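Undergrad: Shown below is the structure under consideration.
The values are calculated or read from the model by the stated rules, or taken from the named source; none is laboratory data. Just so it is clear, the model here is predicted, and its values are computed rather than measured. Every residue, glycine as well, gets a Cβ built from its backbone with ideal geometry; the counts of neighbours run over all protein chains shown.
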């Protein structure tokens, strides 16, 4: 089924998701100070969410060892989203390799944002190849302000001579700033990064893994929208991770979606759709060693038999630290 057809069937469900919590019911937002929270997106063969799964349908593994699921929530019971739009500066001559193709078209994304929950917020962040990194707008519920800030951030700029090391370090700093902003919020929201970025990028793999570990200290999940008109990056660089934003998305359990201006809103709606129908599993780590631990989530044998074709997506690892 095509994405547009899927959304035509499922968008009415998004409104239902916002109404699932009965009036007067108190929702408890889990604190990641004592729990590791794992967001799980479950989808059927046709791309629609499976909303029928229960706690006993899941198995959770830490470095291939089965562990007990301490908490189980659906998205309607879980934390609000802090949705960060993350862009690379719009540099002359690099519009198709970076975020420049989105400049002047942010209004095309806005229809999708009507699906945000009442407590969800929007932030804007960027980095530049000249080494600049900044949180342009801290999370707010003002959609118009977020759109205006994003367009201002994408205003054309001169291109620096060096498109390598300063930009790599600036991206790392932007990720750190988002992590710090997440930790300073109480209760801590679910940080969601949405790259509006065509991802002509690379970075030493060990450095990429280091700052991705910082993201994995939270329960952050990243997505991306890539304009189909941009070129692909096919050549690998020895010792480097190419298409770094795609790598962040894969490691955190999100998805990178190819779009055109006509489908910008459709792509963002699909991202919100996945978030609104996710499951959140919580567990207590055995140690707070600050090391990366591999995660695996599976359906039980009986759940697999009853729901053949269901696929799960989740982050690849977690990093337990003392708060």
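Undergrad: Take residue 193 and decide whether it is touching a residue at least 60 places away in the same chain (Cβ under 8 Å) and closer than 20 Å to residue 92 by Cα.
TA: no
Per-residue answers, yes or no, for (1) loosely packed, with under 13 Cβ neighbours inside 10 Å; (2) over 22 Å from residue 203 (Cα atoms):
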| site | (1), (2) |
| --- | --- |
| 252 | no, no |
| 268 | no, yes |
| 295 | no, yes |
| 322 | yes, yes |
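Undergrad: Yes or no: the stretch 148-159 includes at least one residue that is surrounded by fewer than 15 Cβ atoms within 10 Å (Cβ to Cβ) and touching a helix residue (DSSP H, G or I) at 6+ places or on another chain (Cβ under 7 Å).
TA: no
Undergrad: May I pose another question? If we only count strands (runs of 3 or more DSSP E) wholly inside the stretch 36-90, which ones have 3 or more residues that are modelled with pLDDT of 95 or more, closer than 24 Å to residue 292 by Cβ and more than 18 Å from the chain's Cα centre (by Cα)?
TA: In the stretch 36-90, the matching strands (runs of 3 or more DSSP E) lie at 58-62, 65-67.
Undergrad: Right, another one. Within the stretch 219-242, track down each residue that is free of Cβ contacts under 8 Å to residues at least 40 places away in the same chain and closer than 15 Å to residue 263 by Cα.
TA: Within the stretch 219-242, 224, 226, 228 qualify.
Undergrad: With respect to the numbered conditions (1) more than 19 Å from the chain's Cα centre (by Cα); (2) closer than 30 Å to residue 34 by Cβ, which one is the sole condition not fulfilled by residue 230?
TA: Among (1) more than 19 Å from the chain's Cα centre (by Cα); (2) closer than 30 Å to residue 34 by Cβ, the lone unmet condition for residue 230 is (2).
Undergrad: Examine the stretch 246-269 for a residue that is at pLDDT below 95 and either within 12 Å of the chain's Cα centre (by Cα) or in a helix (DSSP H, G or I) (or both), and state whether such a residue exists.
TA: Scanning the stretch 246-269, I find no residue that is at pLDDT below 95 and either within 12 Å of the chain's Cα centre (by Cα) or in a helix (DSSP H, G or I) (or both), so the answer is no.
Undergrad: Within the stretch 297-306, work out how many residues are surrounded by 14 or more Cβ atoms within 10 Å (Cβ to Cβ) and either free of Cβ contacts under 8 Å to residues at least 60 places away in the same chain or touching a strand residue (DSSP E or B) at 6+ places or on another chain (Cβ under 7 Å) (or both).
TA: Number of matching residues: 3.
Undergrad: Check the stretch 198-210 and report whether any residue there is surrounded by fewer than 16 Cβ atoms within 10 Å (Cβ to Cβ) and at pLDDT 95 or above.
TA: No, the stretch 198-210 contains no residue that is surrounded by fewer than 16 Cβ atoms within 10 Å (Cβ to Cβ) and at pLDDT 95 or above.
Undergrad: Taking only the stretch 144-157 into account, find how many residues are out of contact with any strand residue (DSSP E or B) (no Cβ under 7 Å at 6 or more places or on another chain) and in contact (Cβ under 8 Å) with a residue 24 or more places away in the chain.
TA: 4
Undergrad: While we're on this one: Based on this model, can you work out whether residue 179 counts as surrounded by fewer than 20 Cβ atoms within 10 Å (Cβ to Cβ), touching a helix residue (DSSP H, G or I) at 6+ places or on another chain (Cβ under 8 Å) and under 30 Å from residue 276 (Cα atoms)?
TA: yes
Undergrad: Step by step: first the residues of the stretch 123-143, then only those that are without any contact (Cβ under 8 Å) to a residue 40 or more places away in the chain and either part of a strand (DSSP E or B) or in contact with a strand residue (DSSP E or B) (Cβ under 7 Å, 6 or more places away or on another chain) (or both), then the one that is nearest to residue 199 (Cα to Cα). Which residue is that?
TA: 136
Undergrad: Starting from the stretch 248-262, take each residue that is within 19 Å of residue 84 (Cα to Cα) and outside the structural domain of residue 202 (by TED's automatic domain parsing) and list its partners that are surrounded by fewer than 17 Cβ atoms within 10 Å (Cβ to Cβ) and at pLDDT 95 or above, counting only C-beta distances under 6 angstrom and pairs at least six apart or across chains.
TA: Once the first residue is within 19 Å of residue 84 (Cα to Cα) and outside the structural domain of residue 202 (by TED's automatic domain parsing) and sits in the stretch 248-262, no partner that is surrounded by fewer than 17 Cβ atoms within 10 Å (Cβ to Cβ) and at pLDDT 95 or above comes close enough.
Undergrad: Still on this structure, please answer the following. Run down 98, 93 and say which single residue is out of contact with any strand residue (DSSP E or B) (no Cβ under 9 Å at 6 or more places or on another chain), outside the structural domain of residue 310 (by TED's automatic domain parsing) and outside any helix (DSSP H, G or I).
TA: 93
Undergrad: Looking at the stretch 167-209, which of its residues are in a loop (DSSP other than H, G, I, E, B) and over 17 Å from residue 100 (Cβ atoms)?
TA: Answer for the stretch 167-209, where residues must be in a loop (DSSP other than H, G, I, E, B) and over 17 Å from residue 100 (Cβ atoms): 184, 185, 186, 187, 188, 189.
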